[in-house]
Amino acid sequence: MKKITGEWLSSAKDDLKVIIRAIDDESLTHQVAFHSQQAIEKSLKAIIEEYEIEFIRTHSLETLITKTNSYIESPRAHSPWQATGLASIKYKIPIWGSKIPRSLLRGSSITG
(Lines give C-alpha, C1' and ligand atoms only; values in the text may rest on other atoms or scores of the structure.)
Protein backbone atom coordinates (compact mmCIF):
# COMPACT_ATOMS: atom_id res chain seq x y z
CA MET A 1 0.00 0.00 0.00
CA LYS A 2 1.24 3.46 -0.85
CA LYS A 3 1.94 5.86 1.99
CA ILE A 4 -0.68 8.35 0.79
CA THR A 5 -3.28 5.56 0.63
CA GLY A 6 -2.53 4.66 4.24
CA GLU A 7 -2.87 8.30 5.27
CA TRP A 8 -6.32 8.57 3.65
CA LEU A 9 -7.43 5.31 5.29
CA SER A 10 -6.06 6.35 8.68
CA SER A 11 -8.03 9.58 8.48
CA ALA A 12 -11.17 7.64 7.47
CA LYS A 13 -10.65 5.35 10.47
CA ASP A 14 -10.52 8.41 12.73
CA ASP A 15 -13.91 9.46 11.34
CA LEU A 16 -15.26 5.99 12.15
CA LYS A 17 -14.02 6.35 15.74
CA VAL A 18 -15.97 9.60 16.07
CA ILE A 19 -19.07 7.88 14.71
CA ILE A 20 -18.78 5.02 17.20
CA ARG A 21 -18.47 7.45 20.12
CA ALA A 22 -21.34 9.68 18.97
CA ILE A 23 -23.84 7.19 17.56
CA ASP A 24 -26.02 6.91 20.65
CA ASP A 25 -26.23 10.65 21.35
CA GLU A 26 -29.21 11.98 19.38
CA SER A 27 -27.93 15.55 19.71
CA LEU A 28 -24.90 14.49 17.63
CA THR A 29 -26.79 12.86 14.75
CA HIS A 30 -25.56 15.56 12.37
CA GLN A 31 -21.96 14.80 13.38
CA VAL A 32 -22.49 11.08 12.79
CA ALA A 33 -23.81 11.86 9.31
CA PHE A 34 -20.97 14.28 8.56
CA HIS A 35 -18.25 11.86 9.67
CA SER A 36 -19.95 9.02 7.77
CA GLN A 37 -19.73 11.04 4.58
CA GLN A 38 -16.12 11.94 5.38
CA ALA A 39 -15.11 8.32 6.03
CA ILE A 40 -16.61 7.20 2.72
CA GLU A 41 -15.08 10.11 0.81
CA LYS A 42 -11.61 9.50 2.27
CA SER A 43 -11.83 5.76 1.59
CA LEU A 44 -12.73 6.42 -2.03
CA LYS A 45 -9.88 8.92 -2.35
CA ALA A 46 -7.55 6.24 -0.96
CA ILE A 47 -8.61 3.96 -3.82
CA ILE A 48 -7.99 6.78 -6.29
CA GLU A 49 -4.48 7.27 -4.93
CA GLU A 50 -3.65 3.56 -4.68
CA TYR A 51 -4.68 2.78 -8.24
CA GLU A 52 -3.46 6.10 -9.67
CA ILE A 53 -6.87 7.05 -10.98
CA GLU A 54 -7.04 10.66 -12.14
CA PHE A 55 -7.47 12.67 -8.94
CA ILE A 56 -10.28 15.20 -8.92
CA ARG A 57 -11.15 17.81 -6.33
CA THR A 58 -14.66 16.95 -5.24
CA HIS A 59 -16.69 16.07 -2.18
CA SER A 60 -19.39 14.37 -4.25
CA LEU A 61 -19.72 10.73 -3.19
CA GLU A 62 -21.60 9.99 -6.38
CA THR A 63 -18.70 11.29 -8.50
CA LEU A 64 -16.10 9.44 -6.41
CA ILE A 65 -18.08 6.19 -6.53
CA THR A 66 -18.40 6.49 -10.29
CA LYS A 67 -14.62 7.06 -10.58
CA THR A 68 -13.74 4.07 -8.38
CA ASN A 69 -16.59 1.71 -9.21
CA SER A 70 -14.50 -0.70 -11.27
CA TYR A 71 -12.02 -1.06 -8.37
CA ILE A 72 -14.64 -1.85 -5.72
CA GLU A 73 -16.27 -5.20 -5.12
CA SER A 74 -19.66 -4.44 -3.60
CA PRO A 75 -22.89 -6.30 -3.01
CA ARG A 76 -25.49 -6.03 -5.73
CA ALA A 77 -27.36 -2.77 -5.52
CA HIS A 78 -29.60 -0.72 -7.74
CA SER A 79 -27.46 2.39 -7.36
CA PRO A 80 -24.12 3.51 -5.89
CA TRP A 81 -26.07 5.13 -3.05
CA GLN A 82 -27.61 1.82 -2.05
CA ALA A 83 -24.19 0.15 -2.17
CA THR A 84 -22.92 2.64 0.42
CA GLY A 85 -26.04 2.41 2.57
CA LEU A 86 -26.79 6.07 1.94
CA ALA A 87 -29.69 5.73 -0.47
CA SER A 88 -31.69 8.45 1.29
CA ILE A 89 -28.84 10.88 1.87
CA LYS A 90 -28.51 13.39 -0.93
CA TYR A 91 -27.43 16.58 0.77
CA LYS A 92 -24.79 17.59 3.25
CA ILE A 93 -26.07 17.68 6.79
CA PRO A 94 -25.86 21.42 7.63
CA ILE A 95 -28.63 22.18 5.14
CA TRP A 96 -30.97 19.49 6.46
CA GLY A 97 -33.98 20.48 8.50
CA SER A 98 -34.41 17.07 10.10
CA LYS A 99 -32.35 14.31 11.63
CA ILE A 100 -31.13 11.23 9.81
CA PRO A 101 -33.29 8.17 10.40
CA ARG A 102 -31.44 5.96 12.88
CA SER A 103 -32.32 2.95 10.72
CA LEU A 104 -29.72 4.17 8.21
CA LEU A 105 -27.04 4.07 10.90
CA ARG A 106 -27.94 0.97 12.92
CA GLY A 107 -27.40 -1.63 10.20
CA SER A 108 -23.84 -0.65 9.40
CA SER A 109 -20.79 -2.63 10.46
CA ILE A 110 -19.29 0.42 12.20
CA THR A 111 -21.92 0.36 14.93
CA GLY A 112 -21.01 -3.11 16.08
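Here are the numbers for this structure:
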quantity	calculated
Looking only at segment 32-56, and only at residues there that are over 13 Å from the mean Cα position of the chain (by Cα) and more than 19 Å from Lys3 (Cβ to Cβ), the one that is modelled with the highest pLDDT	Glu54
Residue check for Ala12: under 21 Å from Lys67 (Cα atoms) and surrounded by 14 or more Cβ atoms within 10 Å (Cβ to Cβ)	yes
Answer from Thr84, Thr63 - the residue that is at pLDDT below 90, under 13 Å from the mean Cα position of the chain (by Cα), within 21 Å of Thr5 (Cβ to Cβ) and of a type in the set (Val, Ile, Thr)	Thr84
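The values are calculated or read from the model by the stated rules, or taken from the named source; none is laboratory data. Computed from a prediction, not measured in an experiment: that's the story for all the values here. Here Cβ is always computed from backbone atoms with ideal geometry, including for glycine, and neighbour counts include all displayed protein chains.
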